[in-house]
Amino acid sequence: MFFMKKYLLILYAILFIGNEVFAQCPVSVTIVSVPDVSTIAVCKSTPVQLEANPSLGALTPQYIWVVDGDTLFGADSIITILANSQNVQVYLVTTTGCVPANEDTATASIQILTVIIQSTVTPTPTCDVTKADILITSTGGTAPYSYNLVGIGTSGTGVYNDVPAGTYTLYITDDQGCNDTNQVTVTPIPKDLVPTITPEPSCDLTKADILITSTGGTSPYSYNLVGIGTSATGVYSDVPAGTYTLYITDDQGCNDTNQVTVTPIPKDLVPTINPQITECNQTTADVFITTTGGTAPYTYDLQGIGQNSEGIFSDVPTGNYTLYTTDSEGCVDTNVVSIEPFTCPPPTPTEVITPNGDDINDTWYIYNIQFYPDNEVFIFDRWGQRVYHKKGYENKDGWEVKYIGLNLPVSTYYYILKVYQENSEDLYFNGPISIFR
């Protein structure tokens, strides 16, 4: 970081040339710095060389420099430390070039780029807020830095331990030897111990088992939950719902006080209800129930149907039922079980088969037959001779248009499909099957 200072350098030029008079013969001079401090940063209090630069017409010049009232004779340059509010003047005196003596005043402005070093003090959180371990870092100048914290000591890293709270003078030196002085304040910051309350799900929402964990400080921690007791683990049982004062002490002896709230959370029982229709177009279902959450074993009460611990209810009529699920700790969950009749689509046989061995439409296919496993199929030729019969027909091994292992001729055949139902009348279907090869 650089700080710009401006110095007004006033140059007076006085010319004495014998007794001859030359009209319009002005003399002027400027001041330049070596190095050019307007572009190159220099440390505070660094000596700077100032040189007089005369104009043409000033032959064999001589100079008088005045620096803060101190007069220096006969030098064309001086080395000085430019400070705040410093007045630098140079007088140019020459004996040749212009007659009579011609006096001129020139003005120059030099900007000084000065290295400024600024420091930051970062304290480490501490239990004892009367002192702190600190780290000093700096910007400006060239790293690394060395430090002298007056009254505390020196450091090549900026690390100081157990520094009492207060304001200090800090001397800083960078890698190029530039020096700066800062006023720094050490303000200890306390360690924060931050607790988290985790309640266990409970059936009784008036109290809860809780676990207290903490961040900040150094583990392990000890706890004092006012009105409940102390714990070295953070585990408390049957804590009534409410707000409490909690004292925490870490392994380094740091203490903190927090207000914590115990809010019981309900234990969730999640039953999965799976009604299964045992037969198409029927008005009853078997209900299978499984449960997660809570504590097994569970008991089930399907209102109007019965109670058991297996979670299986058979032949439940269509309708809506209230189900109470209770776990071994007495937690209860309530659900509604809905039984709706499942209307199966009717079996629909194909009417054309092309058994030519290309695996496309080579067998007789009955759509939806899987819903009617208790079935029986009869197939006849056009003269009424039965050429196929099977109970429990399935598409995976359907009729291949063969009779006693031989291919049947192209023709039209006729089927009868019987579907047997336990709780309703049997179903009958019939129709033609055309065979093409």
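Values quoted throughout were computed directly from the atomic coordinates according to the rules given, and no laboratory measurement underlies them. Values in this document were obtained by computation on a predicted structure and should not be read as measured data. Quick reminder, even Gly has a Cβ in these numbers, built from the backbone with ideal geometry, and neighbours come from all protein chains shown.
Observations, loosely collected:
- Backbone phi angles across region 283-297, fed through the Karplus curve with coefficients 6.51, -1.76 and 1.60 (θ = phi - 60°), yield HN-Hα couplings of 10, 10, 8, 8, 10, 10, 10, 10, 9, 10, x, x, 10, 5, x Hz in residue order; Gly and Pro are listed as x.
- Candidate cross-link partners of K131 among the lysines, defined by an alpha-carbon separation under 19 Å and a same-chain spacing of 8 or more, comprise K191.
- Under 5 Å from the amide H of F342 lie the amide H atoms of N281, Q282, each residue being 5 or more positions distant or on a separate chain, with H modelled from the backbone and absent for Pro and chain starts.
- Amide proton proximity set for G294, modelled H, under 5 Å, gap of 5+: D268
- Neighbourhood charge, 12 Å Cβ-Cβ cut-off, centred on G311 and excluding it, Lys, Arg +1 and Asp, Glu -1: -3
- J(HN,Hα) series, region 168-182, from Karplus relation 6.51 cos²θ - 1.76 cosθ + 1.60, nearest Hz, glycine and proline x: 10, 8, 10, 9, 10, 10, 8, 5, 9, x, 6, 10, 8, 10, 10
- All aspartates and glutamates inside 19 Å of K44 as judged from Cα atoms, apart from same-chain residues fewer than 8 positions distant: D36, D68, D174, D175, D180
- Shape of region 348-435, Cα gyration tensor, a/c cut at 1.5: prolate
- For region 245-261, putting each phi into the Karplus relation 6.51 cos²θ - 1.76 cosθ + 1.60 with θ = phi - 60° gives couplings of 8, 10, 9, 10, 10, 8, 5, 9, x, 6, 10, 8, 10, 9, 9, 10, 10 Hz, in residue order, rounded to whole numbers and with x for Gly and Pro.
- Highest average first, the peptides 251-258, 346-353, 424-431 ordered by how many other beta carbon atoms sit within 10 Å of their residues are 346-353, 251-258, 424-431.
- Cα gyration tensor, region 194-266 - rounded (a/c under 1.5), prolate or oblate: prolate
- The alpha-carbon of K402 sits under 15 angstrom from the alpha-carbons of these aspartates and glutamates, leaving out residues fewer than 8 places away in its chain: D362, D381.
- FRET efficiency, S338 to T261 (Cβ-Cβ, R0 60 Å, nearest 0.05): 0.90
- Prolate/oblate/rounded label for region 269-339 (Cα gyration tensor, a/c 1.5): prolate
- Qualifying trypsin sites (Lys or Arg not before Pro) in region 379-417, where qualification requires a DSSP coil assignment and no more than 11 other C-beta atoms within 10 Å, comprise R382.
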